Amino acid sequence: MVLAMALFACAPSCGKTPPAAAVEGVDATAPPALTDLDGDGVSMLFPSAAGGSSFRLGAQDPNNTPNFQIENGTRATPATDGAINYFTMPAYDFTYSSGGAGKTSRLHIHASGGDQRFTWKTQQGYLSSPADVKNQELTVYARYRGVYDATRAFFTLKIRGGKHTTDGDLASCVMLTLQSAESGAATRFGKELTHPNYDYVKLTPAFDTHLVEGVWFGLKLVSYGVPNDATRVVNRLYADTDPFDPVTGKPKNGWRLLSEYVDVEGVSTGKLYTKLVDWGGWQTTFRTDGVMNVDFAIVSVREIVPPK
């Protein structure tokens, strides 16, 4: 019997709530089993589910690709860095609900298409349709250039969610972050079931890294239900801190597990939420904060077969 090592540190606001990261049958310390490569040459850490929804940007124009949206009408421009082909775009001005000016950008994926029909309070195991991505592997290769607010310099991968509008319950999402050293945390797990109200849990990284200006990162958020336990969902952030071969421009696939949070029904994530987030999401998002410009080279998400 294998027990997961707890890569978890409780947020100050979660009081005496016990850590939620020890799961029977899940080994958080084991390296990912590199299986097949996807169309971008990126290792798929978990096999794709037959018939499951997926999206891969590939060489398509991100400004005009079905089921892909750049928020706020921002335009992405193609660029090269030696052998690496990528897109670049500026962040836009933003005012935080908690107060203060900022800069942000968001890339949205709607892998299952359609439109959102439900919220976290009314979900039917999905927010739009049974085709919504549920057990999933989200991949983003990105870097930033120019600091606006180092204390808020984050890359955030959001999954299982929906729209962020005046109907706050549509948000319905969870997330994992990679952050700057100045932010006070390398990585966190977050819930935003009702927009714009967040719970964050500071996680203990498995190795020493932070978000750094001008440095490419490969990031994967993997999320799946625990076999034979409907009360738990494993959320893992993998990182490749030197992701490209400078000669070929191809991915090097040096993936390592950076952090993990096991979401448990009834266990508080801080101040607001005890609800397990296990539904399929209509919207998948890559978000930046605190930076002036973001470059992205690879973006994809797909339904996976969870480990047994």
| request: Place +1 on the Cβ of every Lys and Arg and -1 on the Cβ of every Asp and Glu in the chain, take the dipole about the Cα centre, and give the residue among LEU138, LEU211, THR165 whose Cα lies farthest towards its positive end. | output: THR165
| request: Work out the length of the dipole vector of the chain about its Cα centre, built from +1 on the beta-carbon of each Lys and Arg and -1 on the beta-carbon of each Asp and Glu, and round it to the nearest 20 debye. | output: 400 debye
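Rounded to a whole number of µm²/s, how large is the Stokes-Einstein D of segment 64-145 at 10 °C and 1.306 mPa s, given Rh as the Kirkwood radius over C-alpha pairs? Present the calculation step by step, with values, prior to reporting the outcome.
On the way: Rh = 15.7 Å.
Estimated via Stokes-Einstein, D reaches 101 µm²/s.
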| query | Once you charge only the Cβ atoms, +1 for Lys and Arg and -1 for Asp and Glu, what is the size of the charge dipole of segment 48-123 about its Cα centre, to the nearest 20 debye? | reply | 220 debye
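With a 10 Å radius around each residue's Cβ, average the other Cβ atoms per peptide and rank 190-196, 111-117, 158-164, highest first.
Numbers: 190-196: 20.4, 111-117: 17.6, 158-164: 24.1.
My ranking of the peptides, most packed first, is 158-164, 190-196, 111-117.
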| field | lysines with Cα under 18 Å of LYS163, excluding same-chain neighbours fewer than 8 positions away | value | LYS121, LYS134, LYS191
| Expressed in nm to one decimal, what extension gain is obtained for the pair ALA83 and ALA230 from 0.36 nm per residue of sequence separation less their Cα-Cα distance? | 48.4 nm
| field | Listed residue (LEU37, ASN72, LEU258) projecting farthest to the positive dipole end of segment 12-303, Cβ model | value | ASN72
| task | Using a 10 angstrom cutoff on alpha carbons, build the Gaussian network for the chain and name the most mobile of THR80, THR119, THR187. | result | THR80
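May I ask for the net charge around HIS210, where only other residues with Cβ less than 14 Å from the Cβ of HIS210 are counted and Lys, Arg are +1 while Asp, Glu are -1? Could the numbers behind the result be given before it?
On the way: positive: ARG143, ARG152, ARG188, LYS202; negative: GLU182, ASP208, GLU213.
Local net charge: +1.
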| said: Between VAL247 and THR65, what is the label-point separation in nm under the 7 Å Cα-to-beta-carbon projection? | reply: 2.8 nm
| task | Work through the residues other than THR187 whose Cβ is under 12 Å from its Cβ and net out their charges, Lys, Arg +1 and Asp, Glu -1. | result | +1
| said: Give me the tail of P(r) for segment 12-303 as a percent: Cα-Cα pairs with distance above 36 Å. | reply: 8 percent
| Treating the beta-carbon of each Lys and Arg as +1 and of each Asp and Glu as -1, no other charges, what is the dipole magnitude of segment 110-228 about its Cα centre, to the nearest 20 debye? | 140 debye
| Neighbourhood net charge (12 Å Cβ-Cβ; Lys/Arg +1, Asp/Glu -1) for GLY280 | 0
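Coordinate-derived values only; no laboratory data. Not measured: the values here are computed from a predicted model. Glycine also receives a Cβ, built like all others from the backbone with ideal geometry; neighbour counts cover every protein chain displayed.
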